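**Q** Below are the C-alpha cells for one structure; questions will follow.
We did not get these values from a lab; they are worked out from the coordinates using the rules stated. From a predicted model like this one, the values you see are computed outputs, not experimental measurements. Cβ: placed from backbone, ideal geometry, glycine included. Neighbour counts: every protein chain shown.
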Amino acid sequence: MKTNIFNICLPMLLLCGAITSGCEQDDLWEIFPDSETTAIKKVVDGFEFKFCLLNEAGEAATVFNEGENFAFYFSVTNKTNENFYFFPGFAYPEFIGNDFCKVYGSNDQDYGKPYTFRGYNKIGIAAYPFNADETVVFEQPWVDSRDSVWRWEHGFYESTHQEFLEKGSYRTGFKYRFEFVRTNDAPTLYTNTLTFKINFKIQ
C-alpha cells in the first residue's frame, strides 16, 4: 500500500477497530413508510435475517393507525447445511447497547423500549443450539400489559407498560455483529456489523 494512501486510511482503521476488525464495511438496510417493502429480509453468509414491525393482524407494516398496537419482529434462520451454536446477544442490552426495540421520534425524542432486561442465565454456548433449517424468533409488542417477568432464550424481561404512540413519524433499529459458533473445531463465523432501520408512521 502506498504511503500516502496508508496515511489517509490509518485514522479510519483506528475508528473502525473498536467495532470490527480492520476497515470492514458495515451492511445497512433501511425502509420507510413509502418503501416498496414493509420488512427487511436479507441472507448473509447463509443466514436469513428478517426485521419488521407487525400490525394487530400479524402483518408486516410501516404505517399504523393511532391507538393500534404493533410488535417488533426479528428472526434469524439457519439456511446453511451446518449446525451451529448461536448466542442471541442482539436481544441482551449489555451486549448490544440500548437500541434493540427502542423507538425514537422525528425530533430524536427517546420513547424507550417496551421491556426492561432483567439479565440472563450465564451458561455455556452449548445451551444455544442452532441447527440447519432452524429459526430463532424474537417478537415483542410495544404496548405490553404483562405484570410478571417472562423468559426468552435464557434471558429475562419485564414490561415497561408503554402507552400507545400519538400520530407522528418514528424510527427504530439496531446494529449487531452476529457470531455463529460451529459445533466442530472449525472457525467461528462472524458477519459484518449489520444495521437494520425501520422508519414508520402513526396516522
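**Q** On a C-alpha basis, how far is the centre of the range 106-139 from the centre of the range 68-92 in Å? Whole number, if you could?
**A** Cα centres, the range 106-139 to the range 68-92: 8 Å.
**Q** If amide hydrogens are placed 1.01 Å from N in the peptide plane, which non-local residues have theirs closer than 5 Å to the one on residue 101?
**A** Excluding prolines and chain starts, which carry no amide H, the hits are 173.
**Q** Sticking with this one: How large is the helix-only mean residue ellipticity at 222 nm for the chain, computed as the sum of -39500 (n - 2.57) over DSSP H runs with n ≥ 4, divided by its residue count, in deg cm²/dmol to the nearest 500? Working shown, then result.
**A** Values: 2 runs with 19 residues, N = 203.
Computed mean residue ellipticity for the chain: -2500 deg cm²/dmol.
**Q** Subtracting the Cα-Cα distance from 0.36 nm times the residue separation, let me have the gained length for residue 192 to residue 28 in nm, one decimal.
**A** Values: separation 164, 0.36 × 164 = 59.04 nm, distance 1.00 nm.
Answer, rounded to one decimal: 58.0 nm.
**Q** Skipping prolines and chain starts, which residues have an amide H placed within reach, meaning under 5 Å, of the one on residue 116, given they are 5 or more residues away or on another chain?
**A** Long-range HN contacts for residue 116: 158, 159, 160.
**Q** Still on this structure: Rg and Dmax of the chain, using alpha carbons, in Å: what are they?
**A** Considering the chain through its Cα atoms, Rg and Dmax are 18.6, 61 Å.
**Q** Hey, what angle do you get for helix 3-17 against the long axis of the chain, alpha-carbon based, 0 to 90 degrees rounded to 10?
**A** Helix 3-17 sits at roughly 40 degrees to that axis.
**Q** Per 0.36 nm of contour for each residue apart, how much would the distance between residue 166 and residue 66 grow if the chain were fully extended, relative to their Cα-Cα spacing?
**A** On the way: separation 100, 0.36 × 100 = 36.00 nm, distance 0.62 nm.
My answer for the length gained is 35.4 nm.
**Q** For residue 75 and residue 107, what is the calculated FRET efficiency with R₀ set at 45 Å and r taken between the beta-carbons, to the nearest 0.05?
**A** Working: r = 31 Å, r/R0 = 0.69.
That gives a FRET efficiency of 0.90.
**Q** Another question about this same structure. Let me spell out the model: positive unit charges on the Cβ of Lys and Arg, negative unit charges on the Cβ of Asp and Glu, origin at the Cα centre of the range 24-202. What dipole size does that give, in debye rounded to 20?
**A** Numbers: 17 positive and 28 negative charges, 54 e Å.
For the range 24-202, the charge dipole is close to 260 debye.
**Q** Multiply the residue gap between residue 98 and residue 126 by 0.36 nm, knock off their C-alpha separation, and tell me the result in nm, one decimal place.
**A** On the way: separation 28, 0.36 × 28 = 10.08 nm, distance 2.61 nm.
Going from the current span to full extension adds 7.5 nm.
**Q** Which of 60, 132, 91 moves the most in a Gaussian network model of the chain with Cα springs under 10 Å?
**A** 132
**Q** What's the ranking of 180-189, 39-48 by average number of surrounding C-beta atoms within 10 Å, highest first? The partial results should precede the final answer.
**A** Working: 180-189: 11.9, 39-48: 14.9.
Most protected by this proxy first, the peptides run 39-48, 180-189.
**Q** Can you figure out the FRET efficiency of residue 185 with residue 158, using R₀ = 45 Å and their beta-carbon distance, to the nearest 0.05? Walk me through the numbers on the way to the answer.
**A** On the way: r = 39 Å, r/R0 = 0.87.
The formula returns an efficiency of 0.70 here.
**Q** Which order do peptides 139-145, 50-56 fall in by mean Cβ count within 10 Å, highest first?
**A** Numbers: 139-145: 16.1, 50-56: 19.7.
Packing order, densest peptide first, comes out as 50-56, 139-145.
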